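Inspection log for the structure reproduced underneath, given as structure tokens.
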Amino acid sequence: MSNKFRTIWLTEDKYVEVIDQRRLPHNVVNVKLTSYKDAELAIKNMTVRGAPLIGATAAYGIYLAVREMIEKQLDGNFLDEAFEALRNSRPTAINLFWALDRMKKALDLSEDFLQTAWIEAGKIVEEDVETCRMIGVHGLPIIEAISKRKKGEVVNILTHCNAGMLGCIEWGTITSPIYQAHQKGIKVHVWVDETRPRNQGSNLTAYELTRHGIDHSLIVDNTGGHLMQHGMVDMVIVGTDRTTRNGDVANKIGTYLKALAAKDNNIPFYVALPSTTLDMRIRDGLKEIPIEERDQDEVRYFEGKRFSDGEIDRVLICPETTKARNYGFDVTPARLVTALITERGVCEANEEGITNLFPEYK
Ligand code: MRU
């Protein structure tokens, strides 16, 4: 894996740069973040997205706030405002709150705020790279076993949304085992759910699989069940924005339906996650995980590259007056999850399984 391709990095003048994921796959455009407000907006409008990357961007948002506070000789209220604004940028991914809490703790113990914020945010980024690599190390044997069972035939993997490197820093969570399997010469093919309405599947997952030379096919969100009924899916693997102590999993809207179909067809349903996505304070995902609701126009309009001249355009796909609801996430109950793949190993989606791997949460 080349570390030249990352989703967030520092510029020579020590500001932060990210890829504008709203412009992929047709345009690769970098955006410079020079203030916490830039970071807040980038999270809100989904310039950056995906639980680990949201956390990393928030951490660097705090670094940018500290820098501005010092440069403009502002008082501590400015930093408090930055924490508050970033906390409110998106509600579901727990990595956001985890990263902000970690930055706060580090700053509370520090005498050199700028240095501390810079170092801590950097650590969050570097740790995510290694964590995702390890998710791949532990997920690889699952793909290998299927490949062996199929006598080397192609392993068909279905995924929803983008839990790839674009949602993280490098490697990704669900893509790490896939990339490592591919590197080992195991034949894999990925069914990529389009993932309406923001199309993270068609815009992002398909983009990064193409970059890595992984065979894949794009499918509309309703296709998975049919493929599963016809033996065309060997495993499902998805990411998560928040996983509870009981193993309930919040992920992009539509994940639950894939888990139901997988259960009905006896297909293993895996969730790949860094432990930074665990929310061990809560148990019942359905009752306790806040589900983001976004602007209705994300549903009412479809965006893409115009066939006639290649320009990016938005088109209305319903009557002018039709209202829409746009829930960002749903919760898959633990009973539908075959196992969690983490940086410390694979475990059952329940308290015992999680705390065996992460005894610090017992
Ligand atoms: O709305 P998004 O694009 O931020 O949602 C992302 C997902 O649902 C991912 O599956 C999840 O954040 C895991 S990213 C490793």
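Residue by residue, here is whether (1) crowded, with 17+ Cβ neighbours inside 10 Å; (2) closer than 18 Å to Val236 by Cβ; (3) within 16 Å of the ligand (Cβ to nearest atom) holds:
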site	(1), (2), (3)
Leu260	no, yes, no
Leu273	yes, yes, yes
Thr276	yes, no, yes
Glu293	no, no, yes
Ser308	no, no, no
Ile312	no, no, no
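Thr210: under 30 Å from Ile43 (Cα atoms) and in contact with a helix residue (DSSP H, G or I) (Cβ under 9 Å, 6 or more places away or on another chain), yes or no? So Thr210 does not fit the description; no. When Val155 is tested against (1) assigned by TED's automatic domain parsing to the domain that holds Ser35; (2) modelled with pLDDT of 95 or more, exactly one condition is not met: (1). Among (1) open to solvent by less than 20 Å² (accessible area, probe 1.4 Å); (2) of a type in the set (Lys, Arg); (3) over 30 Å from Phe329 (Cα atoms), which single condition is Lys72 missing? Status for Lys72: all satisfied but (1). Counting only strands (runs of 3 or more DSSP E) that sit completely within the range 1-102, those holding 1 or more residues that are of a type in the set (S, T, N, Q) correspond to 30-33.
Can you say whether Ser176 is farther than 22 Å from Thr47 by Cβ, within 15 Å of the chain's Cα centre (by Cα) and not assigned by TED's automatic domain parsing to the domain that holds Ala93, as far as the supplied structure shows? It is true that Ser176 is farther than 22 Å from Thr47 by Cβ, within 15 Å of the chain's Cα centre (by Cα) and not assigned by TED's automatic domain parsing to the domain that holds Ala93. In the range 156-171, the qualifying residues are those that are β-branched (Val, Ile, Thr) and within 13 Å of the ligand (Cβ to nearest atom), and the one that is surrounded by the fewest Cβ atoms within 10 Å (Cβ to Cβ) is Ile169.
Considering Gly225, Gly213, the condition of being in a loop (DSSP other than H, G, I, E, B), small (Gly, Ala, Ser), over 14 Å from Ile94 (Cα atoms) and more than 16 Å from the ligand (Cβ to nearest atom) is satisfied by Gly213 alone.
Residues of the range 172-193 being on the phi > 0 side of the Ramachandran plot and surrounded by fewer than 24 Cβ atoms within 10 Å (Cβ to Cβ), which ones? Of everything in the range 172-193, just one residue is on the phi > 0 side of the Ramachandran plot and surrounded by fewer than 24 Cβ atoms within 10 Å (Cβ to Cβ), namely Gly185.
Among the residues in the range 68-90, are any under 24 Å from Asp295 (Cβ atoms), within 14 Å of the chain's Cα centre (by Cα) and assigned by TED's automatic domain parsing to the domain that holds Lys32? For the range 68-90, residues under 24 Å from Asp295 (Cβ atoms), within 14 Å of the chain's Cα centre (by Cα) and assigned by TED's automatic domain parsing to the domain that holds Lys32: present.
Just so you know, in the range 314-333 the residues that are touching a residue at least 24 places away in the same chain (Cβ under 8 Å) and of a type in the set (Lys, Arg) include one that is least open to solvent (accessible area, probe 1.4 Å), and it is Arg325. The test for being in contact (Cβ under 8 Å) with a residue 12 or more places away in the chain, within 14 Å of the ligand (Cβ to nearest atom) and not polar (S, T, N, Q) does not hold for Ala106. Selection of first residues in the range 149-162 that are free of Cβ contacts under 8 Å to residues at least 40 places away in the same chain and of second residues that are within 13 Å of the ligand (Cβ to nearest atom) and open to solvent by 40 Å² or more (accessible area, probe 1.4 Å), restricted to Cβ pairs under 6 Å at least 6 apart or on distinct chains, gives an empty result. Looking at this structure, is Leu41 open to solvent by less than 30 Å² (accessible area, probe 1.4 Å) and either within 27 Å of Gly172 (Cβ to Cβ) or away from the ligand (no atom under 16 Å from the Cβ) (or both)? No.
For every residue, the table says whether it meets (1) within 14 Å of the ligand (Cβ to nearest atom); (2) open to solvent by less than 20 Å² (accessible area, probe 1.4 Å); (3) without any contact (Cβ under 8 Å) to a residue 12 or more places away in the chain; (4) touching a helix residue (DSSP H, G or I) at 6+ places or on another chain (Cβ under 9 Å).
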{"position": "His230", "(1), (2), (3), (4)": "no, no, yes, no"}
{"position": "Ile237", "(1), (2), (3), (4)": "yes, yes, no, yes"}
{"position": "Thr255", "(1), (2), (3), (4)": "yes, yes, no, no"}
{"position": "Tyr270", "(1), (2), (3), (4)": "yes, no, no, yes"}
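If we scan the range 133-155, do we find a residue that is under 17 Å from Gly224 (Cα atoms) and within 13 Å of the ligand (Cβ to nearest atom)? No. In this structure, Ile219 does satisfy being surrounded by fewer than 21 Cβ atoms within 10 Å (Cβ to Cβ) and aliphatic (A, V, I, L, M).
The values are calculated or read from the model by the stated rules, or taken from the named source; none is laboratory data. None of the values given here were measured: they were computed from a predicted structure. All Cβ positions, even for glycine, are placed from backbone atoms using ideal geometry, and neighbour counts span all protein chains on display. The area values use the complete protein model at the heavy-atom level, side chains included, leaving out ligands, DNA and RNA. Shrake-Rupley method; radii C 1.70, N 1.55, O 1.52, S 1.80 Å.
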